[in-house]
Amino acid sequence: MRRTVTCSILALVLALLGCEGSKPKEPPKPPPPIDRPVAKAEPFAVLEGVVRLASPEVPAFTDAEMERQILDHTKRGKWPDECSPPKITDRRPLQLADDGGLSGVIVAVSNFTKQARHRKPITHDVMIHDCRLSPRTILALKGDTLKVGTEVKYPFMPGYGPPSQLKTLIPGQTYDVNLNTLGASPLTCGFTAPCGRTDVIVLSHTMAALTDEHGKFRIDSFPPGERVTVTAWHPLLQQSEVQIEVAPGQTKSIELVVNPVAR
């Protein structure tokens, strides 16, 4: 009886170990992978060019457009003595270069179907120097942040968006705004004294640029291989549009001519 049990146990062990009775069999190796070509992403195109002003005179904002009007009876605060006196150039954010190029103009793409390049939200710094906001124009994406500071020891009250969004600002403090609304809106000061004007343009894509001091621009992520609309614009300018198509990986140069808004 004992011998029969021992033989049964030995037979079970040999069955578990395999026919050779030494080690379990190795699992079968998977078949080699099949090489398939990987589709490459279509390269973006590049659009560059210059924006020129048709009129010989650079347009300007009015005094009322340079400050935040909260109430009709609100009187303008006295210009701080520690700052240089107001100038006509304070009301002219667009600058004309010697060769006719116009700085500070927004050039943006629309009516495209290909996906634009993505970037993470960033913070745009605006500073009050000499009682004047700088820079004069900001091109932002939805989700970015606007951070306003001052170097002037004067209680400015900057505001962006609804009239109720005002905050007294002194050196060491900041006025922060989440840019979650598409479109254009000015940043100005009210109640105490004006501090100039910064126009903030919030877009939903990166296919846009601001012209530099020579009126030139460059859009590296231009949608390739499709006919799209390119618009040059500023609050002081009429829109100027052209239809453009650029082949993938190619660079195209254009010139856009703009006219001032009728005042």
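The values are calculated or read from the model by the stated rules, or taken from the named source; none is laboratory data. Owing to the predicted nature of the structure, the values given are computational and were not obtained by experimental measurement. Note that each Cβ is placed from the backbone with ideal geometry, even for glycine, and that neighbours are counted across all protein chains shown.
Pick out the one residue from T251, T211, T206, T231 that is under 20 Å from the mean Cα position of the chain (by Cα), more than 20 Å from S55 (Cα to Cα) and hydroxyl-bearing (S, T, Y).
Values: T251 fails: under 20 Å from the mean Cα position of the chain (by Cα); T211 fails: more than 20 Å from S55 (Cα to Cα); T231 fails: more than 20 Å from S55 (Cα to Cα).
From the options T251, T211, T206, T231, the qualifying one is T206.
Have a look at P194, P235, P260, P186 and point out the one that is touching a strand residue (DSSP E or B) at 6+ places or on another chain (Cβ under 9 Å), more than 21 Å from L146 (Cβ to Cβ) and surrounded by 15 or more Cβ atoms within 10 Å (Cβ to Cβ). Full working, then the answer.
Working: P194 fails: more than 21 Å from L146 (Cβ to Cβ); P235 fails: more than 21 Å from L146 (Cβ to Cβ); P186 fails: more than 21 Å from L146 (Cβ to Cβ).
So the residue among P194, P235, P260, P186 that is touching a strand residue (DSSP E or B) at 6+ places or on another chain (Cβ under 9 Å), more than 21 Å from L146 (Cβ to Cβ) and surrounded by 15 or more Cβ atoms within 10 Å (Cβ to Cβ) is P260.
Looking only at segment 161-183, how many residues end up being within 17 Å of the chain's Cα centre (by Cα) and surrounded by 19 or more Cβ atoms within 10 Å (Cβ to Cβ)?
Narrowing segment 161-183 to residues within 17 Å of the chain's Cα centre (by Cα): 176-183.
Pick out the ones that are also surrounded by 19 or more Cβ atoms within 10 Å (Cβ to Cβ) and you get 177, 179.
Result for segment 161-183: 2.
Answer yes or no: is there a residue in segment 108-131 that is in the same structural domain as A54 (by TED's automatic domain parsing), under 27 Å from T89 (Cβ atoms) and of a type outside the set (D, E). Yes, there is a match, as at least one residue in segment 108-131 is in the same structural domain as A54 (by TED's automatic domain parsing), under 27 Å from T89 (Cβ atoms) and of a type outside the set (D, E). Scan segment 21-39 and tell me whether some residue there is over 40 Å from the mean Cα position of the chain (by Cα), surrounded by 10 or more Cβ atoms within 10 Å (Cβ to Cβ) and at pLDDT below 60. Taking every residue of segment 21-39 in turn, at least one turns out to be over 40 Å from the mean Cα position of the chain (by Cα), surrounded by 10 or more Cβ atoms within 10 Å (Cβ to Cβ) and at pLDDT below 60. The sole residue among A97, A54 that is crowded, with 16+ Cβ neighbours inside 10 Å, at pLDDT 85 or above and either in contact with a His (Cβ under 7 Å, 6 or more places away or on another chain) or aliphatic (A, V, I, L, M) (or both) is A97. Please work out which residue is farthest from A193 (Cα to Cα), limiting yourself to segment 41-70 and to residues that are among the small types (G, A, S) and touching a strand residue (DSSP E or B) at 6+ places or on another chain (Cβ under 8 Å). Ranking the candidates gives A45 first.
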